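Colleague: Below: one structure in structure tokens.
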Amino acid sequence: MPQRRLQIVTKRCAACAVVLLFGTLSAQAGDLLVRVQGKQSDAPLYLGLVAADQPDWEPLLRTQQGNGEQLIVKDVPPGRFALQLYQDSNGNGRLDLSPRGIPLEPVGFSSNPTLLKGKPAPEAAQFGHGEDDTLIDIRLHSPRGKPQAN
């Protein structure tokens, strides 16, 4: 009889260990909650996530499309990242640029760096993300010559 109790307790402890292990693994990756300011229309938003120590914006670690005032990027491990966001006004699935490389559609970056010198490096748009969810506000900048929406 005591041996049977030991087997039951051992099986329950093993099940608890598995639950704790998987619970801990999923808790290590929080979500990124991205609030968008200055959205121009109901056109879709495209988001790209990169590691902040990359010299440029390629390759993207994740891409996402969405609508609305908030996007959620699920299960991002802790680290330093940068986000770029644009609104696809003409629906062609890419950010349109002038021949000189100036965005022709609303664009924004995490940490909202100045765009006077052109597209910032990921390091200039970096933010830290821990094990919990991280809220990021990104302000979309209108293309030159177009008014900013409120």
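We did not get these values from a lab; they are worked out from the coordinates using the rules stated. Not measured: the values here are computed from a predicted model. Reconstructed Cβ throughout: ideal geometry from the backbone, glycine too, with neighbour counts over all protein chains shown.
Colleague: Name the long-range amide H neighbours of residue 97: under 5 Å, sequence gap of 5 or more, or other chain; modelled H, no Pro or chain starts.
Modeller: It is 104, by chain and number.
Colleague: First measure r as the distance between the Cβ atoms of residue 132 and residue 51, then evaluate 1/(1 + (r/R0)^6) with R0 = 25 Å and state the FRET efficiency to the nearest 0.05.
Modeller: 0.80
Colleague: First measure r as the distance between the Cβ atoms of residue 104 and residue 139, then evaluate 1/(1 + (r/R0)^6) with R0 = 22 Å and state the FRET efficiency to the nearest 0.05.
Modeller: 0.75
Colleague: About the Cα centre of segment 88-141, how large is the charge dipole given +1 on each Lys and Arg Cβ and -1 on each Asp and Glu Cβ? Please answer in debye to the nearest 20.
Modeller: The dipole of segment 88-141 has a size of about 480 debye.
Colleague: Taking the Cβ-Cβ separation of residue 96 and residue 29 as r and a Förster radius of 22 Å, what is the calculated FRET efficiency to the nearest 0.05?
Modeller: 0.10
Colleague: Okay, next question. Once the piece of chain linking residue 62 and residue 116 is laid out straight, how much longer is it, given 0.36 nm per residue of separation minus the C-alpha distance between them?
Modeller: 16.8 nm
Colleague: How far apart, in nm, are two points set 7 Å out from the Cα along the Cα-to-Cβ line at residue 69 and at residue 42?
Modeller: 1.7 nm
Colleague: Is the C-alpha gyration tensor of segment 28-137 telling us rounded, prolate or oblate? Criteria: a/c under 1.5 is rounded; beyond that, a/b larger than b/c is prolate, otherwise oblate.
Modeller: Oblate.
Colleague: I would also like to ask the following. Expressed as a whole percent, how much of the Cα-Cα distance distribution for segment 41-88 exceeds 15 Å?
Modeller: For segment 41-88, the fraction of Cα-Cα distances above 15 Å is 45 percent.
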